[in-house]
Structure formats: C-alpha cells, structure tokens
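In what follows, a single structure is set out as structure tokens and then discussed.
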Amino acid sequence: MSGPVLKAEREGPILILTIDDPATRNALSPELTRALVAACAEANSDMSVSCVILTGAGDVFCAGGNIKDMYARANHFAGNAAEIRRTYQAGVQTIARALYDLEVPSIAAVNGAAMGAGMDFATMCTMRIASERAKFAESFIKLGLTSAAGGAWFLNRAIGASAAAELALTGDTIDAARALEIGLVSGVVPHATLLDEAKALAKRIARHPAHSIRLNTRLLRESARLDLSAALEIASAMQAVVQQTDDQHEAVAAAVEKRPPAYKGK
C-alpha cells in the first residue's frame, strides 16, 4: 500500500493513510489514484483492519487537481471529450468508488487545505475531523470546471442541498469553524493533536467486534439510499448475520459477566 505519494502505517487495527507529495501540495495524480484504490482493496480483504484514517503530510490535506496539468492539458486534461470522460471514469472516479465501498469506517483527518478534489476526498470518508488550520473549497467553478470526482453526490449528502449548492456555485473557501457550523466536520481540534484525536476516535470504533463494525458501516451507507421497507429488510438480514458470530456471543457474555470482552474476529 505504501508508495511515493501515499504512506501506509498500521497501529493495531487502525490503518493510517497519509497523502505525501509535497512537490504538488498533495495534489491528485494517477499515482495517488492507484495507491488509494489499492489501499482500500487491501483494507477490505484484511479482517484485522477495523478503521482507516486518511490525512495529508505537511500543511495541506490535498490541493485537488494539479493546476500545471490543467494548463498543459496533461493527465486528466489530455485528449478529446470522449477520451477525457474515460480518463475520469478509469481515474479519479475509482477513488470515489473505493472509499464508498470500504467495508470499514474511514476518518478524514483534515490537517490543512482541502481544495477541489481534495475536499471531495474528505466528503467520501465516513467521518471528518479538522485541524483548526483546515480550510475547504469546492473550488472547481473558479477554474471553469465541475466536480468530476463525485463531489456533487457526496457533498449533497454530507451537508444538504442548500449548503452544497452555495459552496459549489460560489467556489468560496471556508475555514474549520464554518465547516463545523454546517456539519461538514464533526469536530475541530488543535492542529498539533489532530492525528491523536483521529486515532482516539478510530480506537473507540475498533474496540468493537470486527464483523459488527463492517456490517454497521455498510448498513448506515445502504440505508441512506433505500426506502424504509428495503432498509428494514437489509437491517434484519445483517442482524441475522452478526448474531451468528462468535464475537457477538462474546459481547453479550462479557456484558452479563461484567468483564472486558475478548474478541477474536470470528
């Protein structure tokens, strides 16, 4: 999972992914796309992973699209309209699918500027917390663009239609306090403690049974797009699955016997 633009570290059941490309201010690139998609796939297949943290190195979370590529008509900006469409579908849009399909919850620890696609990446995560130095902009319109990464879909669901429209159609940059006010992030913390706060949240999640974490994550995601009848059906099916796991029985036994649970991931 580690590579020249994405660093991966494990702390027990927590996988920490750090975008690390200072030359481009952690901008979107084909290398970053491939690395993020591969990291998500590996997290899904590794039952010892219970939570993912996505953050950026240095003072920037992700600067979004590489403006030099825009100017040179390179990478995502190369070719005719049909070719560009396919480039987006096979490129940055695979990040949207990979983060959305993560079986474990993801936390965006936004350490600095999250601009354009960088803001979209944050909204693709299950939860977001921000450093007091963080700033956000759905800035595509300022460059005559739309969000091809999935921002129109994710941002609407993260903060509602009105606030999403305001950000997308003005391109305004907002600070961490405003992000908290509109519900884009669930907390703003001192810059120096951001990663520690993200790890603490991840640990509060990861202490629970692995199968229950994954199925609760999927249930929340699926329920957001289903009508009530379908949501109830999938909820009963998932409940039936987790009730047959050893760890669910251990959770109940530990509660009854007033002792800490000892989960085995089974």
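The values are calculated or read from the model by the stated rules, or taken from the named source; none is laboratory data. Every value quoted in this text rests on a predicted model; they were computed, and no experiment measured them. Glycine gets a Cβ as well: all are built from the backbone with ideal geometry, and neighbour counts include every protein chain shown. When the accessible area is computed, the model is the full protein with side chains, heavy atoms only, and any ligands, DNA or RNA have been set aside. Shrake-Rupley method; radii C 1.70, N 1.55, O 1.52, S 1.80 Å.
For the chain, the longest principal axis of the Cα atoms and the long axis of helix 246-257 meet at an angle of about 60 degrees.
Restricting the calculation to Cα atoms, every distinct pair contributes to the Kirkwood radius of the chain, found to be 19.3 Å. A simple spin-label model places the labels of GLU83 and LYS142 3.0 nm from each other, with each point 7 Å out along Cα-to-Cβ.
Beta bridges from DSSP with both residues in the range 108-246: antiparallel share about 25 percent, rounded to the nearest 5.
Restricting to the chain, what percent of DSSP beta bridges are antiparallel, rounded to 5? Among the beta bridges of the chain, antiparallel pairing accounts for roughly 30 percent. Residues considered: ALA231, ALA137, ALA81. Largest GNM mean-square fluctuation over the chain, using C-alpha springs under 10 Å, is found at ALA81. Counting only alpha carbon atoms, the long axis of helix 210-223 and the longest principal axis of the chain meet at about 50°. Taking 0.36 nm per residue of sequence separation and removing the Cα-Cα distance, the TYR100/VAL241 pair yields an extension gain of 48.6 nm.
First check a/c for the range 76-157, with a ≥ b ≥ c the square roots of the eigenvalues of its C-alpha gyration tensor; if it is under 1.5, answer rounded, and if not, answer prolate when a/b is larger than b/c or oblate otherwise. It comes out oblate by the Cα gyration axes. Here's how it looks for ARG128: its modeled amide H is under 5 Å from those of ALA108, SER186, which are all 5 or more places away or on a different chain.
Global size of the range 1-81: 14.3, 46 Å for Rg and Dmax (C-alpha atoms, Rg to one decimal, Dmax whole). Taking the protein heavy atoms of the range 108-266 in the context of the full set of protein chains, the accessible area attributed to carbon and sulfur is 57 percent at 1.4 Å. Just checking the listed ones, LEU145, LEU36, LEU28: in the Gaussian network model of the chain with Cα springs under 10 Å, the one fluctuating most is LEU145.
Once both axes come from the Cα atoms, what is the angle between helix 81-90 and the longest principal axis of the chain, in degrees from 0 to 90, rounded to 10? The angle comes out near 30 degrees. The residues packed around THR170, meaning those with a beta-carbon under 13 Å from its beta-carbon, carry a net charge of -1 if Lys and Arg are +1 and Asp and Glu are -1. Mean-square fluctuations from a GNM of the chain, with a 10 angstrom spring cutoff on Cα atoms, peak among ARG86, ARG34, ARG178 at ARG86.
The length gained on full extension between ARG225 and ILE67, counted as 0.36 nm times the residue separation minus their Cα-Cα distance, comes to 53.4 nm.
Within a straight-line Cα-Cα reach of under 24 Å, LYS203 can be paired with the following lysines, leaving aside sequence neighbours fewer than 8 residues apart in one chain: LYS7, LYS258, LYS264, LYS266. For a straight C-alpha distance cut-off of 19 angstrom, the lysines reachable from LYS68 (same-chain residues fewer than eight places away being disregarded) are LYS142.
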